Amino acid sequence: MAENVKNYKKLNMTKIEAKWGYIFISPWIIGTSVFILFPVIASFILAFCSWDIVSPVQFVGFGNFIEIFTKDTNFWVSLWNTFYYTLFSVPLGIIGSIIVALLMNQKWKTVRLLRTIYYLPSVTAGVASSIIWMWLFNPYSGLINYFLGQLGIQGPMWLASETWAKPAFIIMSLWGVGGNMIIYLAGLQGIPRQLYEAADIDGAGSFDKFRYVTLPMLTPVIFFNLILSIVWSFQVFTQAYVMTGGTGSPGRSTLFYVLYLYQVAFKYHKMGYASALALVLFAIILIFTLIQFKFSKNWVYYESEMKK
Amino acid sequence: MAENKNSKSSFWEGKKLQESIMSGILYIVALLGAVVFMIPLVWMVTSSLKPAIEIMKLPPKWIPIYDVRYEPARVVSKGAGVVAKIEKNSEQTLIYIEKPLERHEFSAGAEIKVKKGKKIAMGDLLAITADGEKTADSDGKVVKIEKTATGKVVLIKQSGEYVYDKVAMARGMVIKVAQGETIFPDKIIADMPKTGKLKFIENKDKTKTVMVLDEEGYMFFKRDLPRGSVANFKDETVVKSGDKIATMLPQFFNYVDAWQTAGTKGENFTKYTLNTLLITILNILGTIISSTLVAYGFARFKFPARDGLFMIMISTMMIPAQVTMIPTFIVFQKLGWIDSFLPLIVPSFFATSAFNIFLIRQFFMTIPYELDEAAKIDGCTYFQTFTMILMPLIKPALATVAIFSFVYSWNDFLTPLIYLNDSTKYTLALGLQTFTTMYGSYFNLMMAASTILLLPILLVFFFGQRFFIEGVATSGLKG
């Protein structure tokens, strides 16, 4: 009898606790339903429609997708531009940030100041830094071509050249490696000292220690970072918009995917078509992420496996 | 045995030496890298303080202070001819050069086919060169055949109408040619005196003009000085060539100019700053309130489907914003919220940033649950436990979230670009972009405006860098 009451009380308590749990997370439930769940579903529906906001929605079936894949050269150009950008900026960015993190993991007196300097550019990302880089890349009055000239190299036309505009964006993206550097630095500091001591006893040199201790221990962080870097890199927009005035010039050489999507949606008001483009982007990112998860078993090292 | 020990210790020392050399090299690499990383921002600040006339000059000058020197320049003739007339008015001297001379230059290998004094007609053969035959451009008479270092020059005095070349210069210049004199290219026509008297003039727009005058009071050297320049001499001082007559100091007025000239409807950066501040502050508030509530719910309560919901939350981080952008835009449009700040503010009150919730939840997990239980025994409600016991303990996490949402909101460009049309409602980021399209060639003003946008970020960064780095470290790793 007494036990029953106790059980009932306990049950009641769990119910109350559950109720309060839901109350506390309710802003997220509402927010996610309204700003994420509903829009994602709506996007799926809109992608099969033609709609310019003003006139009524028209169902077009797979029409948008057929047009995207068979007729729309802008789609292929912007996809290629974005792939190109991702293909270079992501690996170079990861290698760069690991190198900087390794340097910033040394025990120098000024290391805190240096970390600040490397990290700073990543928080200034946006319109202002795009404007600075626009000038740095100016073929005549920019610092980059001036320094190249000092080295005896005739600098290219950068943002005015169809060949060199994308590399310019990639170089600019490398300026922001500090953001990832902090993540790798935290990863490096989480590696147990005993591993290095054991390596020392085995007579390992600095390179061996990096190859057989640091790098494997860092792979989970690299994996996490690789996935997010690709997601972000596919969304490059602000720099391209500011530096080309929203056109993706010269030619279509800096018409990145999201810039094109923006033009379709907010310049030409083709909401259905833009939704279809957004879904294609989503699918591409999803496929990339799944491929990475599939191959991650071959190179990502998890400590827990060791304990088995 | 002893020997062995010895050699071992020297080997040890050698390795240590190697390591410290290595460390030194790495340090130099790190320093050089840091210098490269700083260049864009340093260049931005330096350039924002330069006067407009110096802004495009290379090699780069890193300290925006410029000396204005009196450096005599000379006027040199470009072509050949005869000085026909020298005319003086109160300000200028005008020299008219008749161009009766046709000048042909040939390399040493050329075979000259005319002689001095010969009359020729247009089209007559003058010489045979490696490139072929060269002919006269007009009728005339060969007046001179000259040998030069590289070959020969043939001068033909043209018959027919003369062409005037008018060279204008300041009246104070010293004329070096006389009427009737034949001049050739690179001949000095006029020179500035070695010394002269200074005169400063205050212009209406608060800039100054400095001039150097000759004894009769005629000007021969003139330079406009931007605001914030100081004269190094008094008026009427006699200066000689090479003297620093004035110094252009850092142009803080660029900031005033940039601040006031932004916008198309007469609004300026004050409006943009207020808009941005309002949006940013409300965003920080909304994010902190909603994210902590939700994080508390996920960290401290057991309820059905909790872990599933948490996984959903984490996976929403992977959804590109573009997928939700269009329907969200349509919803806000139907609500009539376009061209208002609401689409930029309201979502933050509904915990739309999974990253922030995750970060605070991780922090909650480090606080012992016994605290909650003790509070419960003392009669605290869940809400009281949350506000009175836990909130003070997670302050560092809140600071991190506040800083991140500040930076995000301050830098955000796409959302204001989509939702704000009226330029009086623009944020700083959007205003700066419009400013660039209007003043694209005024690099000093553009850099000043960029500095205005970045300054708050830089300040927050320097005072709060601990929270940036801790925040990324806790969230980035345990993920």
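The values are calculated or read from the model by the stated rules, or taken from the named source; none is laboratory data. All values reported here derive from a predicted model rather than from experimental measurement. Note that we place each Cβ from the backbone using ideal geometry, even for glycine, and neighbour counts take in every protein chain shown. All accessible areas refer to the heavy atoms of the entire protein, side chains included, with ligands and DNA or RNA removed. Shrake-Rupley method; radii C 1.70, N 1.55, O 1.52, S 1.80 Å.
Taking every residue in A:38-44 and counting other chain Cβ atoms within 10 Å of its Cβ, the average works out to 5.
Hydrodynamic analysis of the range B:335-467 uses the Kirkwood radius over alpha carbon pairs. Inserted into Stokes-Einstein at 10 °C and 1.306 mPa s, it gives a translational diffusion coefficient of 88 µm²/s. Counting only Cα atoms, the size of the range B:55-104 along its three principal axes is 51, 37, 16 Å, in decreasing order.
Could you tell me which residue out of A:Tyr119, A:Tyr260, A:Tyr196 lies farthest along the dipole of chain A toward its positive end? Charges go on the beta carbon: Lys and Arg +1, Asp and Glu -1, centred on the Cα centre. Selected residue: A:Tyr196. Averaging 1/r across all pairs of distinct Cα atoms in the protein assembly as shown and inverting the result yields a Kirkwood radius of 32.5 Å.
Placing +1 at every Lys and Arg Cβ and -1 at every Asp and Glu Cβ, with all other atoms neutral, what dipole size does the protein assembly as shown have around its Cα centre, in debye to the nearest 20? Write out the running numbers ahead of the final one.
Values: 74 positive and 55 negative charges, 129 e Å.
The dipole of the protein assembly as shown has a size of about 620 debye.
Scanning chain B for long hydrophobic helices, with DSSP H runs required to stretch 18 angstrom or more by C-alpha along their axis and to average at least 1.0 on the Kyte-Doolittle scale, returns B:269-300, B:443-478.
For B:Val82, the accessible surface of its heavy atoms amounts to roughly 30 Å² (probe 1.4 Å, protein chains only, rounded to the nearest 10). Solvent-accessible surface of protein heavy atoms, probed at 1.4 angstrom with all chains present, puts B:Glu87, B:Glu111, B:Glu202 in the order B:Glu202, B:Glu111, B:Glu87, largest first. Simple spin-label model, 7 Å along Cα-to-Cβ: B:Met38 to A:Leu151 in nm? For B:Met38 paired with A:Leu151, the spin-label model returns 2.1 nm. Summarised in one figure, the compactness ratio Rg/Rh of the range B:339-415, Cα atoms and Kirkwood Rh, is 1.09. If R0 equals 35 Å, the separation of the Cβ atoms of B:Glu216 and B:Ser441 corresponds to a calculated FRET efficiency of about 0.30.
If the chain linking B:Ile338 and B:Ile65 were pulled fully straight, counting 0.36 nm for each residue of separation and taking away their Cα-Cα distance, it would gain 93.6 nm.
Taking only the Cα atoms of chain B, the ratio Rg/Rh comes out at 1.22, with Rh defined as the Kirkwood radius. Volume of the convex hull of the range A:46-99 (Cα atoms only), normalised per residue: 112 Å³. Report the calculated FRET efficiency for B:Lys116 and B:Asp186 (r = Cβ-Cβ distance, R0 = 25 Å), to the nearest 0.05. After rounding to 0.05, the efficiency reads 0.60.
Does the range B:103-156 come out rounded, prolate or oblate, given a ≥ b ≥ c as the square roots of the eigenvalues of its C-alpha gyration tensor, rounded meaning a/c under 1.5 and, failing that, prolate meaning a/b above b/c? List each step's numbers first, then the result.
Working: a/c = 2.16, a/b = 1.31, b/c = 1.65.
Oblate is the answer for the range B:103-156, as a/c is 1.5 or above yet b/c matches or exceeds a/b.
Between B:Asn421 and A:Lys15, the modelled label-to-label distance comes to 5.3 nm, taking each label 7 Å out from Cα in the direction of the beta carbon. For the pair A:Asp208 and A:Thr163, label points projected 7 Å from Cα toward Cβ lie 4.6 nm apart.
The alpha carbons of the range A:1-128 occupy a box of 74, 66, 25 Å along the principal axes, longest dimension given first. In the context of the full protein assembly, A:Trp299 retains an accessible surface of approximately 100 Å², using a probe radius of 1.4 Å and ignoring ligands and nucleic acids.
Is there a pair in A:Lys270/B:Lys271; B:Lys88/B:Lys152; B:Lys50/B:Lys240; A:Lys297/B:Lys302; B:Lys50/B:Lys234; B:Lys57/B:Lys194 whose C-alpha atoms are over 30 Å apart, and which pairs would that be? Long pairs (Cα-Cα over 30 Å): A:Lys270/B:Lys271; B:Lys88/B:Lys152; A:Lys297/B:Lys302. Across the alpha-carbon set of the range A:132-220, the Rg to Rh ratio works out to 1.25, Rh being the Kirkwood radius. Accessible area per residue was computed with a 1.4 Å probe on protein heavy atoms; A:His269 scores about 70 Å². Oblate is the label for chain A, because a/c, from the alpha-carbon gyration tensor with a ≥ b ≥ c as root eigenvalues, is 1.5 or above and a/b does not exceed b/c. Counting only other chain Cβ atoms within 10 Å of each residue's Cβ, the peptide A:112-118 averages 5. Highest-first packing order for the peptide set A:85-98, B:398-411 is B:398-411, A:85-98, based on the mean count of other beta carbon atoms within 10 Å. Rounded to the nearest 20, the size of the Cβ-charge dipole of the range B:74-190 about its Cα centre is 440 debye, with Lys and Arg at +1 and Asp and Glu at -1. What is the range B:24-124 by shape, rounded, prolate or oblate, if you read a ≥ b ≥ c off the alpha carbon gyration tensor as root eigenvalues and call it rounded for a/c under 1.5, prolate for a/b larger than b/c, and oblate otherwise? Verdict is oblate for the range B:24-124.
Ranking A:Tyr268, A:Tyr84, B:Tyr272, A:Tyr22 from most to least accessible surface, computed with a 1.4 Å probe over the protein chains only, gives A:Tyr268, A:Tyr22, A:Tyr84, B:Tyr272. Of the DSSP H helices in chain A, those that are both long (alpha-carbon extent of 18 Å or more along the helix axis) and hydrophobic (Kyte-Doolittle mean at least 1.6) are A:215-233. Expressed as a whole percent, the accessible area of the protein assembly as shown that falls on carbon and sulfur atoms is 63 (1.4 Å probe).
Under Stokes-Einstein, with the Kirkwood radius over Cα pairs as Rh, the value for the range A:94-140 at 10 °C and 1.306 mPa s is 127 µm²/s.
Remark: the range B:234-308 carries a charge dipole of roughly 480 debye about the Cα centre, counting +1 on each Lys and Arg Cβ and -1 on each Asp and Glu Cβ. Residues B:Val460, A:Val258, ordered by accessible area of protein heavy atoms at a 1.4 angstrom probe radius and largest first, appear as B:Val460, A:Val258.
Look at the stretch B:405-418: the mean tally of other chain Cβ atoms within 10 Å of its residues' Cβ atoms is 3. From the Kirkwood radius over Cα pairs of the range B:74-190, Stokes-Einstein at 20 °C and 1.002 mPa s returns a whole-number translational diffusion coefficient of 139 µm²/s.
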